[in-house]
Amino acid sequence: MRIDKYLWCTRYFKTRNIATEACKKGHIRINNSVAKPSKEVFNGEQITIRKNQINYQIVILDIPNSRVGAKLVDLYRKDTTPKEEFERQDLLKYSKDYYRKKGMGRPTKKDRRDIDEYHEEP
């Protein structure tokens, strides 16, 4: 089965076209090599998927015949993503919220000076 179709069948991407675009951009790796959308995948191969600033790591257990339900996805892949990846995502989320709330607009002159002062080297 093609890698783009496999990622769509196991619900990593909503459409097959989005999975194909991710492959073309180099976000999908099979056994640490960049994969084209037409690359065939087999049982036991390791796939790294870069999505939403998280590097998901999965191992293929079986190849589905068609798109599977969300409850059945674990029959076809084993998720080996380290917890540090998800913790890093949480830190990014907190760092964005810490400074400005969404919808607050551009920084004021005082905010700009505070940012510059924070970034200065001692």
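The values are calculated or read from the model by the stated rules, or taken from the named source; none is laboratory data. Please read all numbers here as calculations on a predicted model, not as lab measurements. Every residue, glycine among them, receives a Cβ derived from its backbone with ideal geometry; neighbour counts consider all protein chains shown.
Worth a mention:
- Members of the range 104-121 that are surrounded by 10 or more Cβ atoms within 10 Å (Cβ to Cβ) and modelled with pLDDT under 80: Met104, Pro107
- Residue match in the range 24-45 (condition: among the hydrophobic types (A, V, I, L, M, F, W, C), over 30 Å from Lys93 (Cα atoms) and touching a Phe, Trp or Tyr at 6+ places or on another chain (Cβ under 9 Å)): yes
- Filtering Ile49, Ile54, Ile58, Ile18 for residues that are free of Cβ contacts under 8 Å to residues at least 60 places away in the same chain, touching a His at 6+ places or on another chain (Cβ under 8 Å) and within 27 Å of Leu91 (Cβ to Cβ) leaves a single hit, Ile49.
- Residue within the range 27-42 that is exposed (fewer than 12 other Cβ atoms within 10 Å of the Cβ) and either free of Cβ contacts under 8 Å to residues at least 12 places away in the same chain or under 30 Å from Arg112 (Cβ atoms) (or both) present: yes
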